[in-house]
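Remarks on the structure that follows.
The values are calculated or read from the model by the stated rules, or taken from the named source; none is laboratory data. None of the values given here were measured: they were computed from a predicted structure. With ideal geometry, Cβ positions are generated from the backbone for all residues, glycine too; neighbour counts draw on all protein chains shown. In case anyone asks, the SASA skips ligands and DNA or RNA and just uses the protein heavy atoms, side chains included. Shrake-Rupley method; radii C 1.70, N 1.55, O 1.52, S 1.80 Å.
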Amino acid sequence: MPLPLLLPFLFVIPEGNLLFVTPTESLALAAASLSATAAVTLAYAALSPGSQLFGHTLIAGSNPNEAALTYDDGPNDAVTEALLETLATHNARATFFVIGRYVRQRPEIVRRIRAAGHLVGNHTETHPWLAWQSARGIQEELRACNQAIEDALGEPVWYFRPPHGARRPLVLRAAAELGLTTVQWNVMGMDWRPIGADRILSHIDRGLARTRRRGTGANILLHDGSQHGIGADRAATVAATTALLKRFAADGTRTVTVDAWA
Ligand SMILES: [Zn+2]
């Protein structure tokens, strides 16, 4: 067996984790066996938010004056409520990718998100690494979260973001079977670490400069919650959001929910 198949690959990826990736899909295994370069390509396909090698994912539209604020890992009590307040103040719409087991504990917050006109998407039931899950495990994670959201809102779910952005063909297939469009991002606030609002904004600024250069909308990844439990402090994310919304109002950037690009 060629060396690349024997070694896991180490990556720093969103939400502050390291990931060891071992090639698993048969087609990908064939590709990886060709060379180390091919193996790195496989890891890129699994982890890079922009990669379309494992199948189509929704990122952004072609209007550089549009931005989708997306918040993962909630609902999260006062943080989510504070975001709803600042979004309402600025008449902005956002997308919340919620964790099913939190939705079961806080269905009223999810109802408030929806009632305010925001989009609610599936971020799995327990926030696992889907790259490690069996086909059945992936289906159960997606189904359970869908069920939690549907129980809370009384309406179906159409959008899904994989935890850490990690996916493989099975993940995209399981999502599609449930009618879910898989959503990635192209701008990161890096706010899963306690870096403060100014640094979150400077990460976003770099991302926005890039999307404007490329002539695409901005799909901005932020976090109102944490995969580690309800109650995480995301005050910096709320402050960064408020600053960003003021800037958007001044420069004419329009906030959209990700379904605007579907
Ligand atoms: Zn997440």
> In the list Ala239, Ala197, Ala218, Ala249, which residue meets the criterion of being small (Gly, Ala, Ser), under 14 Å from the mean Cα position of the chain (by Cα) and more than 16 Å from the ligand (Cβ to nearest atom)?
Replying inline: Ala218
> What are the residues in region 126-165 that are of a type in the set (Gly, Ala, Ser) and without any contact (Cβ under 8 Å) to a residue 12 or more places away in the chain, if any?
Replying inline: Ser134, Gly137, Gly154
> Could you list, in sequence order, the residues of region 239-254 that are within 21 Å of Thr216 (Cα to Cα) and among the β-branched types (Val, Ile, Thr)?
Replying inline: Thr241, Thr253
> How about region 85-112: which of its residues are hydrophobic (A, V, I, L, M, F, W, C) and buried (at least 17 other Cβ atoms within 10 Å of the Cβ)?
Replying inline: Leu87, Ala92, Ala94, Phe96, Phe97, Val98, Ile99, Val103, Ile109, Val110
>> Of all residues being within 17 Å of the chain's Cα centre (by Cα) and in a helix (DSSP H, G or I) in region 175-192, which is nearest to the ligand (Cβ to nearest atom)? Just the residue, please.
In response: Ala175
>> For region 86-98, give me each residue that is away from the ligand (no atom under 12 Å from the Cβ) and not in a loop (DSSP other than H, G, I, E, B).
In response: Thr86, Leu87, Ala88, Thr89, Ala94, Thr95
> Restricting the search to region 233-245, which residues are closer than 11 Å to Thr80 by Cβ and open to solvent by 10 Å² or more (accessible area, probe 1.4 Å)?
Replying inline: Arg234, Val238
>> Condition (residue is open to solvent by 40 Å² or more (accessible area, probe 1.4 Å), under 19 Å from Asp259 (Cα atoms) and modelled with pLDDT of 95 or more) applied to region 158-165: is it met by at least one residue?
In response: yes
> Arg101 fails exactly one of the following numbered conditions: (1) touching a residue at least 40 places away in the same chain (Cβ under 8 Å); (2) within 16 Å of the ligand (Cβ to nearest atom); (3) in contact with a helix residue (DSSP H, G or I) (Cβ under 6 Å, 6 or more places away or on another chain); (4) charged (D, E, K, R). What is the number of that condition?
Replying inline: (3)
> In region 149-164, which residue that is assigned to a loop (DSSP other than H, G, I, E, B) and charged (D, E, K, R) is farthest from the ligand (Cβ to nearest atom)?
Replying inline: Glu155
> Which one is most open to solvent (accessible area, probe 1.4 Å) among residues in region 193-213 that are assigned to a helix (DSSP H, G or I) and in contact (Cβ under 8 Å) with a residue 60 or more places away in the chain?
Replying inline: Arg212
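Residue by residue, here is whether (1) at pLDDT below 95; (2) in a loop (DSSP other than H, G, I, E, B); (3) surrounded by 24 or more Cβ atoms within 10 Å (Cβ to Cβ) holds:
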| site | (1), (2), (3) |
| --- | --- |
| Arg114 | no, no, no |
| Val120 | no, no, yes |
| Thr124 | no, yes, yes |
| His127 | no, yes, no |
| Ala131 | yes, no, no |
| Arg136 | no, no, no |
| Gln139 | no, no, no |
| Ala144 | no, no, no |
| Gln147 | no, no, no |
> With respect to Thr57, is the statement that it is surrounded by fewer than 24 Cβ atoms within 10 Å (Cβ to Cβ) and farther than 24 Å from Asn186 by Cα true?
Replying inline: no
>> Can you pull out every residue in region 246-260 that is in a helix (DSSP H, G or I) and open to solvent by 30 Å² or more (accessible area, probe 1.4 Å)?
In response: Lys246, Arg247, Ala249, Ala250, Asp251, Asp259, Ala260
